[in-house]
Amino acid sequence: MKSKSIIISMVLLLSFSVSAQTDLECKTKLSLFHQSAITQKYDEAYEPWLFVKNNCPDLNLAIYADGEKILKHKIENSKGEVQLSFINKVLELWLLREEHFKSDTPQGEYDAKACQLQYDYKDELGKTTLELFECFDAAFKTDKETFTHPKSLYTYFSLMVELFDSGKKSSADLFNNYDNVSEKIEVEIQNYSEKLNALVEKVDNGETLTRSEENKKGAYESYLKNYALIQGNMNIIADKRAKCDNLIPLYTKDFEIHQNDSIWLKRSVSRMYHKDCTDDDLYETMVKQYDKVAPSADTKVYVATVLFKKGKDEEAYKYLEEAYKLETRSYKKANIAFRIGAILKEKGQYSKTRNFLLEALKLNPSNGKPHLLIALMYHDSAKDKNCGKDNFHQRAVYWLAAEEAQKASRVDPTLQSSVKAYVDNYLAKAPTKEEIFLSGLAGKTIKIGCWINRSIKVPTID
């Protein structure tokens, strides 16, 4: 019995010794591969990383953060079966990360990353469009909240489009997917806009951003650019496949089934509105039903569009004012104000339009679209004789339009490329240097009349 106890003690001591040695080696190699990963020496980092991952998978989150970079480097620098093995290793790594660091591995985010990797290497992996779509679809439905990456959201939608075009998905499937992804993008745009607004407000108040805040500002702007880009591309793709002559029969057929479904009504009314299918009687029917089932700021705007079509402008204006009062959330209220402004612009109510657009800017200062719409109204009023006493003063309005448009690019990173085209167009129509010289007004501030009621400084001549 005594010798048996001695043997057991020796085995335990040996096991402890081996475990302690492995633990020490893991910590040493963790430091080695992490330092190599920081300096992007991924080939050098691979072996010590592999040892730690295999022997101490729960030691540190760096095993997975750095491991992802190391393996992606390997994928990019290999071919054939070797590359395929590294692709599968990344997929396995994310599963292992979830096992050991579940709270640091949001399911929607990592499921979407896994789907995206398989999409990026679909030929190598032999994945079909349907398999890939089902992968993204499951990720989106399981954890939509953390499924946020712009590229993956766009891939998810583009796969649906491929299936629709090949006859494997219906129009209803396509539009539902478009709505799901679009609404998710809107949530993310709101999220990053509100974060950016707080920093824009600090700058507007004359405060200096810290380095950390500058980095965050750049990140928020980058995300907003990417979301705007994919949203624009999605709209173009959907618009080609969503025509009034196929929307109206589809919604007519489904209306009886979904007439008490507020989400279906919202999406259907919104699509008919944006596709200018508002002349059909179905639009009015759905708008009234939507306002009955789920009255909101949105429904009041849609009712107003019906009333404007019928020439009931005064009643329509009341609905627009009611819509604005109903919405209490700043970002949403800004969107309502912008939509009301756009409607009023089409009615030629420029002064009222500007008031709503200025409200939209107060509520969401990082959105430059109100500036562009105001600039466009200035441009359209430039030849109005009520705005200037002579040709020079009337064309001076183009300087005002250019100045307003430039504000859009300063606050909204998603508009920088398009703003330049607007500004160049406006400035090309403004008085020339020769006309400024002959006017004798160089450097002076002149008054713009009519609804504009603003002043502009005439440029000096170099």
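The values are calculated or read from the model by the stated rules, or taken from the named source; none is laboratory data. Quick caveat, the model's predicted, so the values are computed rather than measured. Cβ: placed from backbone, ideal geometry, glycine included. Neighbour counts: every protein chain shown.
Total residues in segment 35-63 satisfying the condition of being crowded, with 20+ Cβ neighbours inside 10 Å, closer than 17 Å to Glu98 by Cβ and of a type outside the set (D, E, K, R): the figure is 1. Of all residues in segment 300-324, those satisfying the criterion of being free of Cβ contacts under 8 Å to residues at least 24 places away in the same chain and hydroxyl-bearing (Ser, Thr, Tyr) are Tyr317, Tyr319.
Restricting the first member to segment 86-101 and to residues that are within 14 Å of Ala62 (Cβ to Cβ), and the second to residues that are among the charged types (D, E, K, R) and outside any helix (DSSP H, G or I), the beta-carbon pairs closer than 7 Å and six or more apart or on different chains are His100/Asp58.
Conditions tested, residue by residue: (1) out of contact with any strand residue (DSSP E or B) (no Cβ under 9 Å at 6 or more places or on another chain); (2) closer than 30 Å to Gly218 by Cβ; (3) at pLDDT below 95.
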{"site": "Pro370", "(1), (2), (3)": "yes, yes, no"}
{"site": "Lys389", "(1), (2), (3)": "yes, no, yes"}
{"site": "Lys433", "(1), (2), (3)": "yes, no, yes"}
{"site": "Gly443", "(1), (2), (3)": "no, no, yes"}
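I'd like the full set of residues that are farther than 10 Å from Ala396 by Cβ and surrounded by 12 or more Cβ atoms within 10 Å (Cβ to Cβ), limited to segment 445-455. Gly449, Cys450, Trp451, Ile452, Arg454, listed by residue number. Annotation note: Cβ proximity below 8 Å between a residue of segment 363-386 that is in contact (Cβ under 8 Å) with a residue 24 or more places away in the chain and a residue that is of a type in the set (Phe, Trp, Tyr) and assigned to a loop (DSSP other than H, G, I, E, B) (sequence gap 6+ or interchain) occurs for Ser381/Trp451.
The number of residues in segment 246-303 that are surrounded by fewer than 14 Cβ atoms within 10 Å (Cβ to Cβ), of a type in the set (Asp, Glu) and part of a helix (DSSP H, G or I) comes to 2.
With respect to the conditions (1) within 24 Å of Gln406 (Cα to Cα); (2) surrounded by 15 or more Cβ atoms within 10 Å (Cβ to Cβ), Gly348 falls short on a single one, namely (2).
Among the residues of segment 207-221, those identified as without any contact (Cβ under 8 Å) to a residue 40 or more places away in the chain and either in a helix (DSSP H, G or I) or polar (S, T, N, Q) (or both) are Thr208, Thr210, Arg211, Ser212, Glu213, Glu214, Asn215, Lys216, Lys217, Gly218, Ala219, Tyr220.
Determine whether Leu196 is buried (at least 17 other Cβ atoms within 10 Å of the Cβ) and modelled with pLDDT of 95 or more. Working first, answer last.
Numbers: buried (at least 17 other Cβ atoms within 10 Å of the Cβ): yes; modelled with pLDDT of 95 or more: no.
Spelling it out, it is not the case that Leu196 is buried (at least 17 other Cβ atoms within 10 Å of the Cβ) and modelled with pLDDT of 95 or more.
Close contacts from segment 258-283, counting a first residue that is over 18 Å from Arg339 (Cα atoms) and a second that is among the β-branched types (Val, Ile, Thr), with Cβ to Cβ under 7 Å and a gap of 6+ residues or different chains, come to Asn260/Val293; Ser262/Val293; Leu265/Val293; Asp280/Ile248; Leu282/Ile248; Leu282/Thr252.
Let's see how each residue does on (1) modelled with pLDDT of 90 or more; (2) under 18 Å from Ala323 (Cβ atoms); (3) touching a Lys or Arg at 6+ places or on another chain (Cβ under 8 Å):
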residue	(1), (2), (3)
Asp204	no, no, no
Arg211	yes, no, no
Lys243	no, no, yes
Thr252	yes, no, no
His258	yes, no, no
Lys266	yes, yes, no
Met286	yes, yes, no
Val293	yes, yes, no
Tyr302	yes, yes, no
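Give segment 201-239 a look and list any residue that's loosely packed, with under 13 Cβ neighbours inside 10 Å, over 19 Å from Asn180 (Cβ atoms) and under 15 Å from the mean Cα position of the chain (by Cα), or say none. Across segment 201-239, the qualifying residue is only Gly218. Within segment 417-443, being surrounded by 11 or more Cβ atoms within 10 Å (Cβ to Cβ) and not hydrophobic (A, V, I, L, M, F, W, C) holds for Ser418, Lys420, Tyr422, Asp424, Asn425, Tyr426, Lys429, Pro431, Lys433, Glu435, Ser439.
In summary, Gly108 fulfils each of the numbered conditions (1) surrounded by fewer than 18 Cβ atoms within 10 Å (Cβ to Cβ); (2) small (Gly, Ala, Ser); (3) under 27 Å from Ser222 (Cβ atoms) with the single exception of condition (1). Taken over segment 118-160, the residue count meeting the criterion of being crowded, with 20+ Cβ neighbours inside 10 Å, in a helix (DSSP H, G or I) and not polar (S, T, N, Q) is 13.
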